[in-house]
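To start, the structure under review is shown below, and the notes come after it.
The values are calculated or read from the model by the stated rules, or taken from the named source; none is laboratory data. For clarity, every value in this text was computed on a predicted model and none was experimentally measured. Cβ placement follows ideal geometry from the backbone for every residue including glycine, while neighbour counts extend to all protein chains displayed.
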Amino acid sequence: MLKPSFPSCVGLSLVFITSLVSAANPIHIGDRRELFVDKLLIDKLDNARLALHAPQPQETVLKFDKPWEGIYSGYETVLHDAGKLRIYYRGLPIASAALGAEVTCVAESRDGVHWTRPELGLFEVHGTKANNVVLANHGACHNFAPFIDQNPDCPPAAKYKALGRGRSLDPQLESPFEHGLYAFQSPDGIHWQQIGTGPVMTEGAFDSQNNAFWSESERLYVCYFRVFRDRIRWIARSTSDDFVHWSKPVDLELDDKPRQHLYTNQLTPYTRAPHIYLGLPTRFFPGRRAVTPEEAAQIGTSKKTWNFASDCTDILLTSARGGSNFKRTFLEAFIRPGPDLRNWTSRANYAARGIVQISPDELTFFVKHNSGYSTAHMRRYAIRPDGFVSVYGPYDGGTLITKPLTFAGKHLNINFATSAGGSVRVEVQSPAGQAIPGFALADCVEMIGDRFKGRVRWKDNSKLGQLAGQPIRLRFVLHDADIYSLRFVE
């Protein structure tokens, strides 16, 4: 038998050493659901690729046609609480940042399709209190961004919290508010009180939607907000233990990709895997014109906003896992402007913050279209649970091998879909890449179909739990198949 050459021995040694290092530092996923929106788990793809899946546009659910709303309504946030959806948004009928021109409105729904505006009677706006306004006469109305506080120590009186910018960046506009983000709290999401007397955060531009939440995984409050870097709109992050005192901002990483104008960030914990923060930022292209002057006139572009026709936007899918971590796994658009010319003008496409699950087989989120036009509206979009990104293998077969990981549980569930002629099989390996007896590819029962919680089975499935806590790899062999997420369960 021939002995391997010296270079081959070196290569084998490097593979062995790398395996030992990986095994010594496995990714601890426990029983968390993991998605493929980033490459955290992926070690190797062979004839397989990551695939971005576009959501399906559904019905128009809300038109901004009240006198206090209007064509510049925006910066929407969707919250899901006790079986009810609420969407908060800025009402702004004219292009003005003057104090009092902007109000914060709310609409409600049980199914995400049919929405009503509650008559709250809290503020007189346009000569009437018969409106859905929850905040007025405060600079924070420009981009008021609420959330439901999941901190287990949060008192009931502060169940809802929010941040909003106090003062316009325009020095010509007088305002009683200082520059910075102001904090608010509410017991019911309707009656709001400012926390303290001044801004709680001042290091940032804040002239966009500034999104805060309680992080279950990091055990602190997190805020993602607008900054400018080299005159490009970017995102920074700050954290807090008490929602009042915030850390020095940290810019999100570029991840070896070009800096682009991200007008909003919309980062929030993903409801099915809250340790992963998903964002649907609007990507802004100043000076990139798709609409001719003649077309701009035809679609009703106002002379006051004529420059809007000189820019265009689309929407990306992004993710983060804390710290400066930020991934744009795809620079391709998650949502394109589409055939409506009014969506090819400046600031026309903005996803609301919030991805909610109302039914077992569908996720829902909302996008504002036609900003700056009398047809400004919110449209509902739908996508399968975890269905943003998949690892796809073609008909002739593709392979995904994970990095070493440890898990908790007795069974492996995967969210997957195949064609009628396709399949998924899974092999459990040692960190060095050797099949573990009883869990080789030949032992795996072929999986076909379209399931959100497909149970992976081997001939002797009862022994998988014995591997819990030990470093393993997973090898997926995919034939005309997509896998969207995985989770170990009891």
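For Ala296, indicate whether it is in contact with a helix residue (DSSP H, G or I) (Cβ under 8 Å, 6 or more places away or on another chain), crowded, with 18+ Cβ neighbours inside 10 Å, at pLDDT 90 or above and not basic (Lys, Arg). Quick ask: steps written out before the conclusion?
Values: in contact with a helix residue (DSSP H, G or I) (Cβ under 8 Å, 6 or more places away or on another chain): yes; crowded, with 18+ Cβ neighbours inside 10 Å: yes; at pLDDT 90 or above: yes; not basic (Lys, Arg): yes.
Judged against the criteria, Ala296 is a match.
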Practice item. Tally the residues that are under 11 Å from the mean Cα position of the chain (by Cα) and modelled with pLDDT under 95, restricting the search to the range 255-293. Key: 0
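To keep it simple, each residue is scored yes or no on (1) among the hydroxyl-bearing types (Ser, Thr, Tyr); (2) part of a loop (DSSP other than H, G, I, E, B).
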{"site": "Ile190", "(1), (2)": "no, yes"}
{"site": "Gly204", "(1), (2)": "no, yes"}
{"site": "Ser208", "(1), (2)": "yes, yes"}
{"site": "Ala212", "(1), (2)": "no, no"}
{"site": "Ile235", "(1), (2)": "no, no"}
Review point. Is it fair to say Thr116 is over 30 Å from Phe476 (Cβ atoms), assigned by TED's automatic domain parsing to the domain that holds Thr329, among the hydroxyl-bearing types (Ser, Thr, Tyr) and touching a strand residue (DSSP E or B) at 6+ places or on another chain (Cβ under 7 Å)?
Key: yes
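Return yes when Glu178 is within 23 Å of Pro93 (Cα to Cα), modelled with pLDDT under 95 and assigned by TED's automatic domain parsing to the domain that holds Ala101 and no when it is not.
Criteria not met by Glu178.
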Study note, to complete from the structure: In the range 351-394, anything among the aromatic types (Phe, Trp, Tyr), farther than 18 Å from Val113 by Cβ and modelled with pLDDT of 95 or more is listed as Phe388, Tyr392
Exercise for review: Spot the failing condition for Tyr88; the list is (1) outside any strand (DSSP E or B); (2) in contact (Cβ under 8 Å) with a residue 40 or more places away in the chain, and only one is missed.
Suggested key: (1)
Exercise for review: Determine which single condition Cys141 fails, assuming it passes every other condition in (1) touching a His at 6+ places or on another chain (Cβ under 7 Å); (2) outside any loop (DSSP other than H, G, I, E, B).
Suggested key: (1)
Check your understanding: When His261 is evaluated against the numbered criteria (1) under 18 Å from Gly279 (Cβ atoms); (2) free of Cβ contacts under 8 Å to residues at least 40 places away in the same chain; (3) buried (at least 18 other Cβ atoms within 10 Å of the Cβ), which criterion, by number, is the only one it fails?
Key -> (3)
Review point. Within the range 299-334, which residues are part of a helix (DSSP H, G or I) and either in contact with a helix residue (DSSP H, G or I) (Cβ under 6 Å, 6 or more places away or on another chain) or among the hydrophobic types (A, V, I, L, M, F, W, C) (or both)?
Key: Trp306, Phe308, Ala309
Review point. Quick one: Gly279 ticks every box in (1) exposed (fewer than 15 other Cβ atoms within 10 Å of the Cβ); (2) touching a residue at least 40 places away in the same chain (Cβ under 8 Å) bar one, so which box is it?
Key: (1)
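Within the range 237-275, track down each residue that is assigned to a loop (DSSP other than H, G, I, E, B) and among the charged types (D, E, K, R).
The answer is Asp241, Asp242, Lys248, Glu253, Asp255, Asp256, Lys257, Arg259, Arg272.
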Exercise for review: Report whether or not Ala348 is touching a Pro at 6+ places or on another chain (Cβ under 8 Å) and either of a type outside the set (Phe, Trp, Tyr) or modelled with pLDDT of 95 or more (or both).
Suggested key: yes
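For the range 469-490, enumerate the residues that are assigned to a strand (DSSP E or B) and among the charged types (D, E, K, R).
Selection gives Arg473, Arg475, Asp480, Asp482, Arg487.
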